[in-house]
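What follows is a single structure, written as structure tokens, with notes after it.
The values are calculated or read from the model by the stated rules, or taken from the named source; none is laboratory data. These numbers were taken from a predicted model, which means no experiment stands behind them. All Cβ positions, even for glycine, are placed from backbone atoms using ideal geometry, and neighbour counts span all protein chains on display.
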């Protein structure tokens with residue numbers, strides 16, 4: 001089975017610019033997650049979708065971060081405007097149901113200068 | 001507030017010996033625990049899990065032990081192999097029936113030497 005696809009792999013932007021990341025989950029997986037992993041830390045959940053509805057976005061900085069999952073398949077995560085502290089790896093994951101193990105993509109490494 | 005803690009940032013073990021990675025948690029509401037393995041430039045991959053109704057789960061060379069009273073779990077790898085060299089993340093989840101949300105530890109880098 002094809003894994004979780006993410007693009008781009010790397011992105012370098014200046015602070016105050018905007019950036020978007022794309023994720024295509026494993027086919028048939030209803031649950032999709034975006035995680036932020038800052039260097040030296042574990043992944044931290046930003047948002048969880050069940051089909052195209054948001055289940056949990058309590059840790060998403062909504063003043064600058066937004067995410068959508070139209071049609072319950074692909075998802076995009078946007079940051080506008082970016083700050084230096086947003087430098088991190090952004091991981092997308094999917095699962096077939098709530099507590100089945102997550103399958104992660106390879107992530108997008110964002111550097112904000 | 002770090003609810004899942006991996007206090008050893010790194011561990012070096014000789015090939016063929018046992019690797020023991022430790023994890024502590026503070027939230028007594030967690031009842032499902034997982035270990036993920038991460039190679040450089042790749043996403044974490046699921047390794048093994050354990051429910052709070054068990055105290056041990058085994059899968060080949062990997063065994064996870066859970067001590068609920070101590071809020072402690074450990075991952076044993078035996079025998080260790082060079083391909084096991086990676087960062088290992090412990091993760092914990094809230095109760096079934098609610099929106100699942102994994103809380104990850106900061107990871108332990110395991111190096112298996114020849």
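In table form, for the structure just shown:
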read-out	value
Members of the stretch B:36-64 found to be closer than 14 Å to residue B:110 by Cβ, surrounded by 14 or more Cβ atoms within 10 Å (Cβ to Cβ) and more than 10 Å from every other protein chain (Cβ to nearest Cβ), listed by number	B:37, B:61, B:62
Of all residues in the stretch A:27-48 being away from every other protein chain (no Cβ under 11 Å) and modelled with pLDDT under 95, the one that is surrounded by the most Cβ atoms within 10 Å (Cβ to Cβ)	A:32
Residue list for the stretch A:6-22, restricted to those being within 11 Å of chain B (Cβ to nearest Cβ) and under 11 Å from the mean Cα position of the chain (by Cα)	A:6
Residue within the stretch A:35-44 that is in contact with a strand residue (DSSP E or B) (Cβ under 6 Å, 6 or more places away or on another chain) and without any contact (Cβ under 8 Å) to a residue 40 or more places away in the chain present	yes
Residue match in the stretch B:69-85 (condition: within 24 Å of residue A:9 (Cα to Cα), under 15 Å from the mean Cα position of the chain (by Cα), at pLDDT 95 or above and in a strand (DSSP E or B))	no
Residue in the stretch B:27-36 that is out of contact with any strand residue (DSSP E or B) (no Cβ under 6 Å at 6 or more places or on another chain) and under 23 Å from residue A:106 (Cβ atoms) present	no
Residue A:19 vs. criteria farther than 30 Å from residue B:108 by Cα and free of Cβ contacts under 8 Å to residues at least 60 places away in the same chain	no
Residues satisfying the stated conditions in the stretch B:1-26, i.e. part of a loop (DSSP other than H, G, I, E, B) and closer than 17 Å to residue A:42 by Cα	B:1, B:2, B:3, B:6, B:7, B:8, B:9, B:26
Any chance residue B:89 is at pLDDT below 95 and either within 12 Å of chain A (Cβ to nearest Cβ) or farther than 22 Å from residue A:43 by Cβ (or both)	no
Any hit, the stretch A:59-69, residues being in contact with a helix residue (DSSP H, G or I) (Cβ under 8 Å, 6 or more places away or on another chain), at pLDDT 95 or above, away from chain B (no Cβ under 14 Å) and surrounded by 15 or more Cβ atoms within 10 Å (Cβ to Cβ)	no
Filter result (surrounded by fewer than 20 Cβ atoms within 10 Å (Cβ to Cβ), under 25 Å from residue A:40 (Cβ atoms) and away from chain B (no Cβ under 14 Å)) within the stretch A:79-113	A:81, A:83, A:84, A:85, A:87, A:111, A:113
